[in-house]
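Student: Attaching a single structure in structure tokens format; questions to follow.
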Amino acid sequence: MDRYTDYSKRLDELRDLLEKKDGTNLSKLLRRTNPVDIEEFISTLSAEDALLVFRLLKKDDAIEVFAELEQEDKEKIKTGLNDVEYSHLLDELDFDDMIDTLEEMPASVVQKILRNTDPEKRKKVNQYLKFPEDSAASLMTPEFVELKIGMTVKEALDTIKRIGHDKVTVYTCYVTDETKKLLGYVSLRNIVTNDMDTKISTLLYEDVITVNTSDDQEEVAHTFQKYGFTALPVIDKEKRLVGIITVDDIMWIIEQEATEDFQIMAATTPEEEEYSKMSAWDLAKNRIPWLMFLMISSAFTSTILRSYEAVIQSIIALNMFIPMLTDSGGNAGSQASTLVIRAMATKDVDLSDWAKVVWKECRVGLISGFFLALVGFLKCMFFDKVGLEISLIVAVTLLFVVVTAKIVGSLLPMGASKLGLDPAIMASPLITTIVDSLGLIVYFNIAQMFIAAAPL
């Protein structure tokens, strides 16, 4: 039985027991179910049933499940708990999960909940809530193992045993001085495999990769991807260690950034909620502005067609090849922009490489354009039977359009980045509109040259 079939069967069993109100067997089955699967199960339930299932969970499972729930599903649980109960539940969460939950709540609700939190923790929570939403600081947690440079291995192990159960990780321990300035780190493996009287300073790895509290989340994600770490220390302007970011906290940022880029490239405003949970009206609201902009910008095409009306009337056959030319240009530009945007996102290229990128795309355009022009020429000559002159006009235009589209498709995303805009906005729809206009101008100008040289 594959994993999906087993999961579906488990969900059916859970639903059946819930409908029968068989709390005893439902509780037993929940204990044998992965918390991630329980989270997905709860997301399909009403507030009443969600709360019932949540109350049947073991404490550890309940905490893990709650941390994974979407905000609207957390609200289902919250409605059945008073402020004291909810505050205690939040206290049991990892610190960063608690901050993520509180950030989604109205300020008045947060204040009520924090009244039931001890003063020290309340102060720390308020400090974290003030960090910019997209900064590294908003992702970090203070739940890490901190060792002092003068410790021995024995003292370090005693510290880990004393505080380790409350930390998100004990495998990497960060070493600081008296002012909390980060000096380096030491792995748990090195600690447990050395003699008890060994100084931590002799085991210290000083070449530590860090991120700053003000760094953008996307930059943090790139750092994780580049070095493959499971955790990164976060330092402030004075190089003091203030927290760590773990890889599980950055995974959703990577997914979120990729999703946002795809949505922008598809000419729609980025959506914070999942597609399945959004109404048709909400989806339409995010798409209409872009569709309107593209419709208005495409009016240039009709203006160009009017400007060359005399050419079109003198050579009616030109009309039948306009879709092929515009589609070819749009597709070529889309290819270039998509690859360049992705290369910029992964830091494979940056703005200083613009000349290399343009030169490469120009060569790609010449090669691709030559083959498209050759096939287009043969199609016009032997399939459409429009004659040598029109076949040449179409072929030459195809070559120019493809080369131009590749250059435009590579330059616009880099230009957007230079202006501080998201390169993804210069994706397929906008580039297609620009290339269509340029392609038609070239098409009809080439036709005019042919007419002037040798009337068709």
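What follows is calculated from the coordinates using simple rules that are stated; it is not laboratory data. Nothing here was measured: the structure is a model prediction, and the numbers come from that model. Positions of Cβ are generated from backbone atoms using ideal geometry, with glycine treated the same way; all protein chains shown enter the neighbour counts.
Student: Length gain on complete extension for the stretch residue 251 to residue 40, per 0.36 nm per residue less the alpha carbon to alpha carbon distance?
Tutor: Length difference between fully extended and current span is 74.1 nm.
Student: Taking loop as defined by DSSP and a crowding limit of 14 other beta carbons within 10 Å, which chymotrypsin sites (Phe, Trp or Tyr not before Pro) in the range 117-185 fit?
Tutor: Those satisfying the criteria are 171.
Student: Further, regarding this structure: What dipole magnitude, in Debye to the nearest 20, does the range 19-68 give about its Cα centre under +1 on Lys/Arg Cβ and -1 on Asp/Glu Cβ?
Tutor: Approximately 360 debye in magnitude.
Student: If the reach is capped at under 24 angstrom between alpha carbons, list the lysines near residue 148, excluding any in the same chain fewer than eight residues apart.
Tutor: 121, 124, 161, 167, 180, 181, 199, 237, 239
Student: Hey, which aspartates and glutamates would be in cross-link range of residue 9, C-alpha to C-alpha under 17 Å, not counting anything within fewer than 8 residues on its own chain?
Tutor: Within reach: 19, 37, 39, 40.
Student: Provide Rg and Dmax in Å for the range 29-82, with only Cα atoms included in the calculation.
Tutor: When restricted to the Cα atoms of the range 29-82, Rg and Dmax are 9.8, 29 Å.
Student: Further question: Rounded to the nearest 0.05, what FRET efficiency is calculated for residue 210 and residue 280 with R0 set to 51 Å and r the Cβ-Cβ distance? The partial results should precede the final answer.
Tutor: Numbers: r = 46 Å, r/R0 = 0.90.
For residue 210 and residue 280, the calculated efficiency is 0.65.
Student: If amide hydrogens are placed 1.01 Å from N in the peptide plane, which non-local residues have theirs closer than 5 Å to the one on residue 175?
Tutor: Those lying under 5 Å, H to H, from residue 175 are 147, 183, 184, 185, 186.
Student: For residue 379, give me every one of the lysines with a C-alpha distance below 30 angstrom, ignoring sequence neighbours fewer than eight places off in its own chain.
Tutor: Counting by Cα, and skipping residues close in sequence, residue 379 has these lysines nearby: 360, 406.
Student: What is the log10 of I(q)/I(0) for the range 1-108, computed with the Debye formula using one identical point scatterer on each Cα and no solvent, at q = 0.11, 0.16 Å⁻¹?
Tutor: Log10 of I(q)/I(0), two decimals: -0.34, -0.70.
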